[in-house]
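Enquirer: Could you have a look at this structure, given as structure tokens, before my questions?
The values are calculated or read from the model by the stated rules, or taken from the named source; none is laboratory data. Quick caveat: nothing in here was measured; it's all calculated off a predicted structure. Cβ sites come from the backbone with ideal geometry, for glycine too, and all protein chains shown count toward neighbours.
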Amino acid sequence: MMTHFWPEGQPVDVEADGLWTPLHITWDGERHPVQAILDRWRVDEDWWRGRVWREYFRLITRTGLLVEVFHDLAAGDWYVQRVYD
């Protein structure tokens with residue numbers, strides 16, 4: 001399986017529920033309803049140098065995307081970090 005990976009992520013618009021679980025992502029002008037969340041985890045590290053505080057989701061969309069997105073918990077922004085082919 002091939003992947004496309006962006007270390008800093010690609011900006012994405014996310015519609016989430018009250019627990020910040022993605023319901024829809026809009027990336028590159030296309031809306032992708034979330035079919036299933038496959039994994040969810042948090043990263044909180046490097047607070048002494050420049051905090052990285054993110055919540056990651058590996059999900060599959062109804063349009064067939066298998067992606068990892070993250071929510072920058074400090075800034076509130078969402079990003080696509082990995083797309084699986």
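Enquirer: Could you tell me how many of the residues in region 12-44 are free of Cβ contacts under 8 Å to residues at least 60 places away in the same chain, under 15 Å from ARG58 (Cα atoms) and β-branched (Val, Ile, Thr)?
Expert: Number of matching residues: 5.
Enquirer: Further, regarding this structure: For region 63-85, which residues satisfy the criterion of being within 19 Å of PRO7 (Cβ to Cβ) and part of a loop (DSSP other than H, G, I, E, B)?
Expert: LEU73, ALA74, ALA75, ASP77, ASP85
Enquirer: Of the residues LEU23, LEU73, only one is surrounded by fewer than 18 Cβ atoms within 10 Å (Cβ to Cβ) and at pLDDT below 95; which?
Expert: None of the others qualify; the one that does is LEU73.
Enquirer: Within region 6-20, track down each residue that is surrounded by 10 or more Cβ atoms within 10 Å (Cβ to Cβ) and more than 13 Å from HIS71 (Cβ to Cβ).
Expert: Residues satisfying the conditions are TRP6, GLN10.
Enquirer: Hey, another quick one. In region 45-57, which residues are of a type outside the set (Phe, Trp, Tyr) and without any contact (Cβ under 8 Å) to a residue 24 or more places away in the chain?
Expert: Within region 45-57, GLU45, ASP46, ARG49, GLY50, ARG51, VAL52, ARG54 meet the criteria.
Enquirer: Looking at the structure I just gave you, is ASP28 at positive phi and over 13 Å from the mean Cα position of the chain (by Cα)?
Expert: When the stated conditions are applied, ASP28 passes them.
Enquirer: Any idea which residue in region 41-62 is surrounded by the most Cβ atoms within 10 Å (Cβ to Cβ), counting only those that are in a strand (DSSP E or B) and out of contact with any Leu (no Cβ under 9 Å at 6 or more places or on another chain)?
Expert: Of everything passing the filter in region 41-62, THR61 is surrounded by the most Cβ atoms within 10 Å (Cβ to Cβ).
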